[in-house]
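Peer 1: Input: one structure, supplied below.
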Amino acid sequence: MYGDDVLAGNWRRRKVVPEVPAEPDLVVEDADSGFCGAVVGFESGAVVLEDRHGRRRNFPLLPAAFLLDGKPVTLRRPAAPSTAPAPRRRTASGSVAVAGVRAQVAKASRIWVEGVHDAALVERIWGDDLRIEGVVVEPLDGIDELAERVREFGPGPGRRLGVLVDHLVPGSKETRIVAAVTSPDVLVTGHPYVDVWQAVKPSALGIRAWPVVPPGRPWKEGVCAALGVAEPAEMWRRILARVDSFHDVETPLINAMERLIDFVTVPSTP
């Protein structure tokens, strides 16, 4: 009736009780007390269950201490969410920084700006982007001879030229000079400010607005006098020290520079 060996078989093997993560709103029953509720959290190593009447009780996370759909389970705390990836570093211009990339050899294309202050400000904000693209920024000593300088440069496909001009507004001397440049491989754009100083937001310098300088007086000298600074060189050092990113300059300058960078880095279409 019992066979030859009454000890044969798996009678000593215990049934494996599955482990279940105690996710929020999981409904289980405490096997000892019969308390049934949804998981609402954890306190001092115990799971907190809340029944349909809003009553809460804490239960230790013991092996096979709960019933899920009438079957014994062992509850465990859910795994902690993976650490969120570190935010991607941004350059001063707001673009995504590219790690581990060396500056390229300079391309034939160039960006020209009116003076050394313009070049320093462009470097402060767009320097990382321009080094990766291999684009050199060169300061001019004004734009009075712009058309002649462009002819000497010899722009063409693969050798594009972008020019950033101060005070590029209708009716200005600058607008008349720019009109003489007609090459399709040259883009001249700019901002409406008298000087690139003025393209820096006053708030970055801790002032309400740039001083109004009477006609006939050199603008930079007038600004220095109004702000109590001895000379333009000292004022410029103060301005540049307050510029950390594109947030510190006015939108027209940002738009102009982004257009120029796109123009000299995207191959021209035949």
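Peer 1: Taking the stretch 242-270, which residues are part of a helix (DSSP H, G or I), of a type in the set (Ser, Thr, Tyr) and within 17 Å of residue 109 (Cβ to Cβ)?
Peer 2: Of all residues in the stretch 242-270, those part of a helix (DSSP H, G or I) come to 246-248, 251-265.
This time we only want the ones that are of a type in the set (Ser, Thr, Tyr), so: 251, 265.
Across the stretch 242-270, the qualifying residue is only 265.
Peer 1: Then there is this: With the checklist (1) modelled with pLDDT under 95; (2) under 35 Å from the mean Cα position of the chain (by Cα) in hand, flag the one item residue 145 doesn't pass.
Peer 2: (2)
Peer 1: Which ones in the stretch 217-231 are small (Gly, Ala, Ser) and part of a loop (DSSP other than H, G, I, E, B)?
Peer 2: Initially, the stretch 217-231 is screened for residues small (Gly, Ala, Ser), giving 222, 225-226, 228, 230.
Within the stretch 217-231, 228, 230 qualify.
Peer 1: Kindly indicate whether residue 163 is open to solvent by less than 60 Å² (accessible area, probe 1.4 Å), within 24 Å of residue 248 (Cβ to Cβ), in contact with a His (Cβ under 6 Å, 6 or more places away or on another chain) and not small (Gly, Ala, Ser).
Peer 2: Details: open to solvent by less than 60 Å² (accessible area, probe 1.4 Å): yes; within 24 Å of residue 248 (Cβ to Cβ): yes; in contact with a His (Cβ under 6 Å, 6 or more places away or on another chain): no; not small (Gly, Ala, Ser): yes.
Judged against the criteria, residue 163 is not a match.
Peer 1: Let me ask something else. Would you confirm, using the coordinates I've provided, whether residue 116 is closer than 25 Å to residue 251 by Cα, free of Cβ contacts under 8 Å to residues at least 40 places away in the same chain, in contact with a Pro (Cβ under 6 Å, 6 or more places away or on another chain) and open to solvent by 10 Å² or more (accessible area, probe 1.4 Å)?
Peer 2: For residue 116, the condition - closer than 25 Å to residue 251 by Cα, free of Cβ contacts under 8 Å to residues at least 40 places away in the same chain, in contact with a Pro (Cβ under 6 Å, 6 or more places away or on another chain) and open to solvent by 10 Å² or more (accessible area, probe 1.4 Å) - is met.
Peer 1: Can you confirm whether the stretch 232-241 contains a residue that is under 25 Å from residue 123 (Cβ atoms) and part of a loop (DSSP other than H, G, I, E, B)? Steps first, answer last, please.
Peer 2: Residues of the stretch 232-241 under 25 Å from residue 123 (Cβ atoms): 232-241.
Subsequent filtering for residues that are part of a loop (DSSP other than H, G, I, E, B) retains none.
Taking every residue of the stretch 232-241 in turn, none turns out to be under 25 Å from residue 123 (Cβ atoms) and part of a loop (DSSP other than H, G, I, E, B).
Peer 1: Residue 223 versus (1) surrounded by 15 or more Cβ atoms within 10 Å (Cβ to Cβ); (2) within 27 Å of residue 110 (Cβ to Cβ): which is the lone unmet condition?
Peer 2: The number of the failed condition is (2).
Peer 1: Sticking with this one: If only one of 64, 79, 108 is open to solvent by 20 Å² or more (accessible area, probe 1.4 Å), at pLDDT below 90, assigned to a loop (DSSP other than H, G, I, E, B) and hydrophobic (A, V, I, L, M, F, W, C), which one is it?
Peer 2: Details: 64 fails: at pLDDT below 90; 108 fails: at pLDDT below 90.
Within the list 64, 79, 108, the selection yields 79.
Peer 1: Which condition number does residue 164 fail, the rest of (1) part of a strand (DSSP E or B); (2) out of contact with any helix residue (DSSP H, G or I) (no Cβ under 9 Å at 6 or more places or on another chain) being met?
Peer 2: In the conditions (1) part of a strand (DSSP E or B); (2) out of contact with any helix residue (DSSP H, G or I) (no Cβ under 9 Å at 6 or more places or on another chain), residue 164 misses (2) alone.
For (1) touching a strand residue (DSSP E or B) at 6+ places or on another chain (Cβ under 6 Å); (2) at pLDDT below 95; (3) under 17 Å from residue 124 (Cβ atoms), each residue gets a yes or a no:
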{"site": "218", "(1), (2), (3)": "no, yes, no"}
{"site": "245", "(1), (2), (3)": "no, yes, yes"}
{"site": "250", "(1), (2), (3)": "no, no, yes"}
{"site": "255", "(1), (2), (3)": "no, no, no"}
{"site": "260", "(1), (2), (3)": "yes, no, yes"}
{"site": "266", "(1), (2), (3)": "no, yes, no"}
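Peer 1: Right, another one. Just need a number here: residues in the stretch 130-140 that are open to solvent by less than 30 Å² (accessible area, probe 1.4 Å) and in a helix (DSSP H, G or I). It would help to see each step written out before you state the result.
Peer 2: We begin by selecting, within the stretch 130-140, every residue open to solvent by less than 30 Å² (accessible area, probe 1.4 Å); these are 130, 134-135, 140.
Checking which are in a helix (DSSP H, G or I) leaves us with 130.
Number satisfying all stated conditions: 1.
Peer 1: Could you count how many residues in the stretch 181-216 are assigned to a loop (DSSP other than H, G, I, E, B) and surrounded by 11 or more Cβ atoms within 10 Å (Cβ to Cβ)? Don't jump to the end; show me each part of the working.
Peer 2: Step one: filter the stretch 181-216 for residues assigned to a loop (DSSP other than H, G, I, E, B), giving 181-185, 191-195, 201, 206-216.
Next cut, surrounded by 11 or more Cβ atoms within 10 Å (Cβ to Cβ) only: 181, 183, 185, 191-195, 201, 207, 210-211, 213.
Counting residues in the stretch 181-216 that are assigned to a loop (DSSP other than H, G, I, E, B) and surrounded by 11 or more Cβ atoms within 10 Å (Cβ to Cβ) gives 13.
Peer 1: Just checking, which of 47, 40 is open to solvent by less than 40 Å² (accessible area, probe 1.4 Å) and either among the hydroxyl-bearing types (Ser, Thr, Tyr) or touching a strand residue (DSSP E or B) at 6+ places or on another chain (Cβ under 7 Å) (or both)? I'd like the intermediate steps shown before the answer.
Peer 2: On the way: 40 fails: open to solvent by less than 40 Å² (accessible area, probe 1.4 Å).
The unique qualifying residue is 47.
Peer 1: Right, another one. Would you mind stating whether residue 261 is touching a Phe, Trp or Tyr at 6+ places or on another chain (Cβ under 6 Å) and within 20 Å of residue 130 (Cβ to Cβ)? Reasoning before the result, please.
Peer 2: Numbers: touching a Phe, Trp or Tyr at 6+ places or on another chain (Cβ under 6 Å): no; within 20 Å of residue 130 (Cβ to Cβ): yes.
Spelling it out, it is not the case that residue 261 is touching a Phe, Trp or Tyr at 6+ places or on another chain (Cβ under 6 Å) and within 20 Å of residue 130 (Cβ to Cβ).
Peer 1: Filter the stretch 141-160 down to residues that are without any contact (Cβ under 8 Å) to a residue 40 or more places away in the chain and closer than 28 Å to residue 245 by Cα and give me whichever is surrounded by the most Cβ atoms within 10 Å (Cβ to Cβ).
Peer 2: 143
The values are calculated or read from the model by the stated rules, or taken from the named source; none is laboratory data. This one's a predicted model, so the numbers in the text were calculated from it and none came from an experiment. Neighbour counts are summed over all protein chains in view; Cβ atoms, including those assigned to glycine, are modelled from backbone coordinates with ideal geometry. To get the accessible areas, we keep the full protein, side chains included, count just its heavy atoms, and leave off ligands, DNA and RNA. Shrake-Rupley method; radii C 1.70, N 1.55, O 1.52, S 1.80 Å.
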